[in-house]
Amino acid sequence: MLKSFWFWILILFLSIQIISMDIPSKLNSKPENEIVASKEVMNILQRSCYDCHSSRVKEPWYYNVAPASWYTQLHVKNGRAVVNFSEWNNYSKEKQLKVLDKLPKSIVIRMPLLTYTYLHEESKLSNIEKKTLAKWARRLKEKIK
């Protein structure tokens, strides 16, 4: 009975592999469209934000293994819809200001996602890094206005 159970679990797992989200990890973006910031800020963004908010997502081993791939790729799709730092200079001033206005609160409340930091310890933001990003967002917002 137990062997039969695991057999059907395996069949189910293999079967769901054919269901694909097809969210590409890499998009064609021109380098001139990418956000420009200090080296310190870029290091933080690339380490903690770019895997969901850029055109260059690193593909972890589970990126193409269902059902984890569905969850991961949906987060990438939704993250890019909010902001794609690789396309920053294509955004209108209004969109840029809206993102910068929400960024400090998002960092404090939910970003990066706990489900992401659980598997990617290095992406966690320290309090100093959160303050650095918030300060950068405020300064850039004033510059854009």
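Checked against the criterion of being over 10 Å from the mean Cα position of the chain (by Cα), crowded, with 17+ Cβ neighbours inside 10 Å and not in a helix (DSSP H, G or I), the candidates Leu133, Leu100, Leu140, Leu125 yield just one match: Leu125. Only one of the numbered conditions (1) at pLDDT below 90; (2) touching a helix residue (DSSP H, G or I) at 6+ places or on another chain (Cβ under 6 Å); (3) exposed (fewer than 15 other Cβ atoms within 10 Å of the Cβ) is violated by Lys93, and that is (1). Scanning the stretch 33-60 for residues that are within 17 Å of Ser123 (Cα to Cα), modelled with pLDDT under 85 and outside any strand (DSSP E or B) yields Asp51, Cys52, Val57, Lys58, Glu59, Pro60.
Among residues that are surrounded by fewer than 16 Cβ atoms within 10 Å (Cβ to Cβ), of a type in the set (Val, Ile, Thr) and within 24 Å of Lys135 (Cβ to Cβ), Val65 is not included. Once the stretch 10-19 is narrowed to residues that are surrounded by 12 or more Cβ atoms within 10 Å (Cβ to Cβ) and under 21 Å from Val76 (Cα atoms), the residue that is modelled with the highest pLDDT is Gln17. Looking at Ser106, Ser69, just one residue is in a helix (DSSP H, G or I), closer than 19 Å to Lys141 by Cα and among the small types (Gly, Ala, Ser), and that residue is Ser106.
The values are calculated or read from the model by the stated rules, or taken from the named source; none is laboratory data. As the structure is a computational prediction, the values presented were derived from the model and not from experiment. Heads up, the Cβs are rebuilt from the backbone with ideal geometry, glycines too, and the neighbour counts pull from every protein chain shown.
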